[in-house]
Structures are given as structure tokens and as C-alpha cells.
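First the structure, which I've put down as C-alpha cells, then a few questions once you've had a look.
The values are calculated or read from the model by the stated rules, or taken from the named source; none is laboratory data. None of these values were measured; they are calculated from a predicted model. A quick note on method: Cβ atoms are made from the backbone with ideal geometry, for glycine too, and the neighbour counts reach across all protein chains shown. In case anyone asks, the SASA skips ligands and DNA or RNA and just uses the protein heavy atoms, side chains included. Shrake-Rupley method; radii C 1.70, N 1.55, O 1.52, S 1.80 Å.
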Amino acid sequence: MTRIGRHFLTHAAVVVGLLGTAPVSVPAMAAGSAVTPKSVDWSFNGVFGKFDHAQLRRGLQVYQEVCAACHGLRLVAYRNLAAIGLSEAEIKAIAGDREVAGDPDEDGEPTTRPALPKDKFVGPYANLQAAKAANNGAAPPDLSLLVKARAGGPDYLYSLLVGYVSEAECKKRYKDSEGKPLVPADGQYCNTYMPGHIIAMAPPLLDEGQVEYEDEGAPKATVDQMSKDVTAFLTWAAEPYLAERKRMGIKVMLFLLLFTGFMYAIYRHIKKDVKGNA
């Protein structure tokens, strides 16, 4: 089996697990609460689409400086970042900032060591219980496959990140199940694209200046730009072989077209011979 096939099967199994075992919290839903996500012209859309590596590196920076405080990326290894243009030294530096469990010492006591490129991204919490304790009983989801596990994919995630509205605007726009103005409770926020418009996650991307892009010539790190960049990065994390799979699909289609033409030519030749011998 090819590495793309193995990657697909592994990730498909995890997506099924996420969808089948994730706890579901159902708030009071507002009437007509489903809002179609914004449509973005992503570089990876379409048959010939591919990832913009500069955008992926910006998205990695947003993930590291903002999202990684609460969300893990447990299915991605640091060495995978070479695929988006990071050098070996850059990957070692990123990994080396985090620690993982090492071999026990001579007395059998647990130890830690700096993470290596071969290690998976180190999460923000030691375990699930710690994640729940730090977030009012609800562990933040891992982001490795989030784009594939949500209807609407990257469009939905981008829309969610830019879709927060104030409490006053929430009361004005939306109604609860009883037809009253929708009011977020303590620890809740209002988001246009969240089903029911109520979300427990505070707006993660706030304003210009929260992140300063390092690459020369990079666009300003506005909320809209950061949302697009981190969404693109998380799309790559969920399906790093997307461009390779598309190229393979194009080659297969071209082969099938040529094969069909070849077989049709043989058919015509045999049919002509049969008629000539009749």
C-alpha cells in the first residue's frame, strides 16, 4: 500500500473516532441558526490546487503563538514541517523548545528531554484530565484533523474564526428557542457561524499586532489574514498529501483517456478485419 493510502486509512479511522466519541453539548438553538460559511478562494481548491508554502509557514506561526496554548496537533511530527519549506535547523529549534518524556534514570524515576524532529507536536496539557480542569470541564479539541471532521472544512473554520460578534449585536441579530434575544451566558460567546451561535471558546484572534509575521514581504497580520493562514496550515496538517494526490489523480485520468483511445483504435481495426473477411 502506498504512503498516501496508509495516510488516508489512518486518518479516516481517527476522524470516525472523533465523530463517534466526542462529547456533544447542545445549547438552546436559535431559529434558523444554520449559516452558510463564507466561501474562500483557497490556493488548494480545484483539480490543480496546491498549498502556498509561505501561507503555511505563516499559519504555523499563528498556531504556535496563539492556538498551541490550548490545542494540540498530536498527529503531526515536527519533521513533517520540512514539507512546507522549513530547514532542518528551524525544525530542530521548534521541537527543542518543548519537552517530552525520556528514559527512566538509574533509579527508575521519570525524566524529560527536549523534543526531537521525529517526535509528534507536544500538546499543551499533560493529559486529558488536566485539559478538562483548565477549561471548565471541556478539553479543547486536537486540531490535527479538525478541518476534515467539520462540515464545510476550511471555509467553516475560517468563518468561525472571523465570525464573533458582540453581546449587543448577538441580542439584536439572533433569537433563542423561545424567540427571545439570544444572550451568551458567563464564559460563552456569540459567533455567527457556530450552530446555535453560542460558543465556549473566546475569540482567539483579536487584532492587528497580536502576531508579527517574520517572513519578509508578508501581509499584515490582521484577524482576517491570520484566520486564513492558520486555516490553510490546519488543512495541510489534516491532509499533507493533498497536492500529491491531485497530481496522481490527473496522471491516472490521462492514462485512462489514452488507454480508452488505444482500445477504441484496436476495436475499430478488428471490426474492419471482421467485415473484410465476411
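Looking at (1) over 17 Å from residue 59 (Cβ atoms); (2) part of a helix (DSSP H, G or I), find the lone condition where residue 177 falls short.
For residue 177, the exception is condition (2).
Something else now. Go through (1) in contact with a Ser or Thr (Cβ under 9 Å, 6 or more places away or on another chain); (2) under 27 Å from residue 86 (Cα atoms); (3) open to solvent by 40 Å² or more (accessible area, probe 1.4 Å) and name the single condition residue 194 misses.
For residue 194, the failing item is (2).
Looking at segment 194-207, can you tell me whether even one residue there is at pLDDT 95 or above, hydrophobic (A, V, I, L, M, F, W, C) and either within 26 Å of residue 94 (Cβ to Cβ) or assigned to a loop (DSSP other than H, G, I, E, B) (or both)?
Yes - at least one qualifying residue is present in segment 194-207.
Could you check how many residues of segment 104-141 are assigned to a loop (DSSP other than H, G, I, E, B) and either open to solvent by 50 Å² or more (accessible area, probe 1.4 Å) or small (Gly, Ala, Ser) (or both)? Break it down into steps so the answer makes sense when it comes.
First, the residues of segment 104-141 that are assigned to a loop (DSSP other than H, G, I, E, B): 104-111, 115-119, 121-127, 134-141.
Then keep just the ones that are either open to solvent by 50 Å² or more (accessible area, probe 1.4 Å) or small (Gly, Ala, Ser) (or both); that gives 104-110, 115-116, 118, 123, 125-127, 134, 136-139, 141.
Residues flagged as assigned to a loop (DSSP other than H, G, I, E, B) and either open to solvent by 50 Å² or more (accessible area, probe 1.4 Å) or small (Gly, Ala, Ser) (or both) within segment 104-141 amount to 20.
A follow-up question, please. From the list 101, 83, exactly one residue is surrounded by fewer than 17 Cβ atoms within 10 Å (Cβ to Cβ) and more than 24 Å from residue 140 (Cβ to Cβ). Which is it?
Working: 101 fails: more than 24 Å from residue 140 (Cβ to Cβ).
83 is the lone residue from the list that is surrounded by fewer than 17 Cβ atoms within 10 Å (Cβ to Cβ) and more than 24 Å from residue 140 (Cβ to Cβ).
Go through the residues of segment 172-183 one by one and say whether even a single one is closer than 27 Å to residue 240 by Cβ, touching a Leu at 6+ places or on another chain (Cβ under 9 Å) and basic (Lys, Arg). Give the steps one after another, and end with the answer.
Here is the first cut: in segment 172-183, the ones closer than 27 Å to residue 240 by Cβ are none.
No, segment 172-183 contains no residue that is closer than 27 Å to residue 240 by Cβ, touching a Leu at 6+ places or on another chain (Cβ under 9 Å) and basic (Lys, Arg).
Taking the residues in segment 32-69 that are open to solvent by 50 Å² or more (accessible area, probe 1.4 Å) and under 27 Å from residue 190 (Cβ atoms) as candidates, determine which candidate is modelled with the lowest pLDDT.
Out of the qualifying residues, it is 32.
Which pairs have Cβ atoms under 7 Å, sit 6 or more apart or on different chains, and link a residue in segment 189-214 that is of a type in the set (Phe, Trp, Tyr) to one that is outside any loop (DSSP other than H, G, I, E, B)?
189/164; 189/199; 193/156; 193/159; 193/160; 213/58; 213/61
Follow-up question, since we're still on this one. Residue under question is residue 235, and the condition is that it be buried (at least 17 other Cβ atoms within 10 Å of the Cβ) and either assigned to a helix (DSSP H, G or I) or on the phi > 0 side of the Ramachandran plot (or both); does it hold?
Considered against the rule, which asks whether it is buried (at least 17 other Cβ atoms within 10 Å of the Cβ) and either assigned to a helix (DSSP H, G or I) or on the phi > 0 side of the Ramachandran plot (or both), residue 235 comes out as yes.
(1) more than 30 Å from residue 171 (Cβ to Cβ); (2) buried (at least 18 other Cβ atoms within 10 Å of the Cβ): which one isn't true of residue 199, the others all being true?
Single failed check for residue 199: (1).
A quick yes/no check of all residues on (1) open to solvent by less than 100 Å² (accessible area, probe 1.4 Å); (2) more than 30 Å from residue 152 (Cα to Cα):
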{"position": "226", "(1), (2)": "yes, no"}
{"position": "229", "(1), (2)": "yes, no"}
{"position": "242", "(1), (2)": "yes, no"}
{"position": "256", "(1), (2)": "yes, yes"}
{"position": "270", "(1), (2)": "yes, yes"}
{"position": "275", "(1), (2)": "no, yes"}
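Considering only segment 215-237, I want to know if a residue exists there that is of a type in the set (Phe, Trp, Tyr) and within 30 Å of residue 137 (Cα to Cα). Steps first, please.
Taking segment 215-237 and keeping what is of a type in the set (Phe, Trp, Tyr), we get 233, 236.
Right, trim to within 30 Å of residue 137 (Cα to Cα) and you get 233, 236.
Yes, some residue in segment 215-237 is of a type in the set (Phe, Trp, Tyr) and within 30 Å of residue 137 (Cα to Cα).
Same structure, new question: Enumerate the pairs (first residue in segment 140-159 and under 19 Å from residue 192 (Cβ atoms); second residue anywhere and open to solvent by 30 Å² or more (accessible area, probe 1.4 Å) and hydroxyl-bearing (Ser, Thr, Tyr)) with beta-carbon separation below 8 Å, excluding pairs fewer than 6 apart on the same chain, so at least 6 apart or on different chains.
Short answer, once both residue conditions are applied: 150/156; 155/39; 156/193; 159/193.
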